[in-house]
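Everything below concerns the one structure shown next.
The values are calculated or read from the model by the stated rules, or taken from the named source; none is laboratory data. All of these numbers come straight from a predicted model, not from anything done at the bench. Positions of Cβ are generated from backbone atoms using ideal geometry, with glycine treated the same way; all protein chains shown enter the neighbour counts.
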Amino acid sequence: MNYYSEKIEVVKLADQVAAKLQQLIGSGEYKKGDKIPTEPELMARFGVGRSTVRESVRILANAGLLSVLQGKGTFVQDTTVVAEPLHQRLRRANNKELNEVRHMLEITMVQKAAENRTEKEVKQMRTLLNQRRRAIEEQLQDECLNADIAFHVVIAEASKNQVLIDLYKTFSKVISEYFQTEYPDTKAYKRSQALHEKLCDAIATKESKKAAEYMSQILSLD
């Protein structure tokens, strides 16, 4: 399944404003300890509403870049935290880049899972695929999406590579958001159900090459 079409890019406005603020801090316009402009000033500068400004400040505060002091304002807390949070960076990436990264991540993930999975993890995968199938039959998009994401998360966990697991869990949040709007029904999931089951079988029998082939086919589906 091709999770990101060329024609659609989902980037939250708050993420865009947060990225611009981060660039200004990184460039030295606002230094550690400096008070950033007020909400009305930021609204005017970026041409956005108050809720967007507040959300962008919250994003950077959670990342440790800004500190909000009640009644005093918002200050630059740490200019060394200029690395953009991964989930935020993914949301503003273009579709071609996302597809390429996802392909590399998923292929490696299923290969490692085939090598390192436990019987318990295989059982979890099969249970989730059964839930996915039932949700398809009953045309329950939310349940189908949840089962699909959970299935791939278990594959990531079966890789036994903690960095890979963390990367995929972050990536899965972006995938989930995209699916909510791009696939309002279960048709796309139905097209890939059989391939998902073959993928699970390949992981269960520890055939890493086959697992990679099935994952590649899943990613290439329209």
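See the values below:
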{"quantity": "Some residue of the stretch 164-183 being in contact with a helix residue (DSSP H, G or I) (Cβ under 6 Å, 6 or more places away or on another chain) and outside any helix (DSSP H, G or I)", "calculated": "no"}
{"quantity": "Search result, residues across the stretch 121-139 that are buried (at least 16 other Cβ atoms within 10 Å of the Cβ), over 19 Å from LYS187 (Cβ atoms) and free of Cβ contacts under 8 Å to residues at least 60 places away in the same chain", "calculated": "GLU121, GLN124, LEU128"}
{"quantity": "Criterion (under 21 Å from GLU119 (Cβ atoms) and surrounded by fewer than 18 Cβ atoms within 10 Å (Cβ to Cβ)) met by exactly one of ASP166, ASP142, ASP201", "calculated": "ASP201"}
{"quantity": "Residue in the stretch 165-177 that is at pLDDT 95 or above, touching a Lys or Arg at 6+ places or on another chain (Cβ under 9 Å), of a type in the set (D, E, K, R) and under 29 Å from ARG91 (Cα atoms) present", "calculated": "no"}
{"quantity": "Per-region count, the stretch 100-128, residues touching a Cys at 6+ places or on another chain (Cβ under 8 Å) and of a type in the set (Val, Ile, Thr)", "calculated": "1"}
{"quantity": "Qualifying residues in the stretch 12-66 (those that are of a type in the set (Val, Ile, Thr) and more than 22 Å from LYS173 (Cα to Cα)) - the one surrounded by the fewest Cβ atoms within 10 Å (Cβ to Cβ)", "calculated": "THR38"}
{"quantity": "Test: residue in the stretch 69-83 that is part of a loop (DSSP other than H, G, I, E, B), modelled with pLDDT of 90 or more and farther than 30 Å from ARG191 by Cβ", "calculated": "yes"}
